[in-house]
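Novice: Quick one: structure below, then a few questions.
Only the coordinates and a few stated rules stand behind these numbers; no lab work does. Owing to the predicted nature of the structure, the values given are computational and were not obtained by experimental measurement. Note that each Cβ is placed from the backbone with ideal geometry, even for glycine, and that neighbours are counted across all protein chains shown.
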Amino acid sequence: MVTIFRELYQLGVWEFYALLGLAAFGIAIVADRFYSLFFKYSLDAKKFFAEIQKRVMADRIDDAIRLCNDAPLAQVIKHGLMKHDMGVEAIEIAINEKATEVIPLIERRTHYLSMVANASTMTGLLGTVMGMILCFRAVAGVEPSKKATILAQGISVAMNCTALSLIVAVPAIVVYSFIQAKSQKLVEDIRTVSQQTVNLFRIKEQKQEDM
């Protein structure tokens, strides 16, 4: 791989710098999404709801609110808990409103990794085509003494651009799949725990009416 970088750098082809730019952009997106999804936004949904349920059923709503941290799931539930004195319908509306607000935060920027993979592949293909053009030039209208040099240069550009584009694109696709799966898991947790919380207050309200 070091040889590929060195040869493309020495040849000074613009595809090399374009692919480096795409790689740097992809790394920045991965770092941002990985930190947010696996650390900042991550929350054990089952354990969190169990603690919320325990406090709600014990009429310790303030304690349940204090349990909520900055994770999107916790913020959605907190928004609903703060409307507990207004009835179940108000709680459900508040939860849905907050979920609509935070879900895009979970999913944002992830699609750029797919773009990096596609753009890298297309850039590599363009570099391959440009390299082949150099090869054709080597056999048309060039002095015989220079044909071998230009032919070798064209093949080098074509193959190295293809290799470098795949070096950028393949990891981007793989990481995109993991990040997308994690995003979907967080969104599913929000929807599941939100519904469980609304149902919890419905059960609590029903018990109070029966009394």
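Novice: In deg cm²/dmol and to the nearest 500, what is the mean residue ellipticity at 222 nm of the chain if only DSSP H runs of at least 4 residues count, each as -39500 (n - 2.57), divided by the residue total? If you can, show how the numbers build up before the last one.
Specialist: On the way: 8 runs with 177 residues, N = 211.
After summing the helix terms and dividing by residue count, I get -29500 deg cm²/dmol.
Novice: Over region 12-64, consider all pairs of different Cα atoms and compute the Kirkwood hydrodynamic radius from their mean reciprocal separation; express it in Å, one decimal. Kindly include the intermediate steps, with their values, before the conclusion.
Specialist: Details: mean 1/r = 0.0685 Å⁻¹.
Its Kirkwood hydrodynamic radius stands at 14.6 Å.
Novice: Okay, moving on. Under a no-solvent Debye model with one identical scatterer per Cα of region 2-203, what's log10 I(q)/I(0) at q = 0.15 Å⁻¹?
Specialist: -0.87
Novice: Once R0 is set to 22 Å, what does the formula 1/(1 + (r/R0)^6) return for the Cβ-Cβ distance between GLU205 and THR100, expressed as a FRET efficiency to the nearest 0.05? Before the final figure, lay out the partial values.
Specialist: Details: r = 24 Å, r/R0 = 1.10.
The calculated FRET efficiency here is 0.35.
Novice: Continuing with the same structure: Counting other beta carbons within 10 Å of each Cβ, put VAL193, VAL174, VAL157 in order, fewest first.
Specialist: Numbers: VAL193 22, VAL174 12, VAL157 25.
Exposure proxy ranking, most exposed first: VAL174, VAL193, VAL157.
Novice: Using the number of other C-beta atoms within 10 angstrom as an exposure proxy, rank CYS161, CYS135 with the fewest first. Mind showing how you got there, number by number?
Specialist: Details: CYS161 27, CYS135 19.
Listed from fewest to most nearby Cβ atoms, that is CYS135, CYS161.
Novice: Excluding residues fewer than 8 places away in the same chain, name every one of the aspartates and glutamates whose C-alpha is closer than 17 Å to that of LYS47.
Specialist: Answer for LYS47, where 17 Å is the Cα cut-off: ASP63, ASP70, GLU188, ASP189, listed by chain and number.
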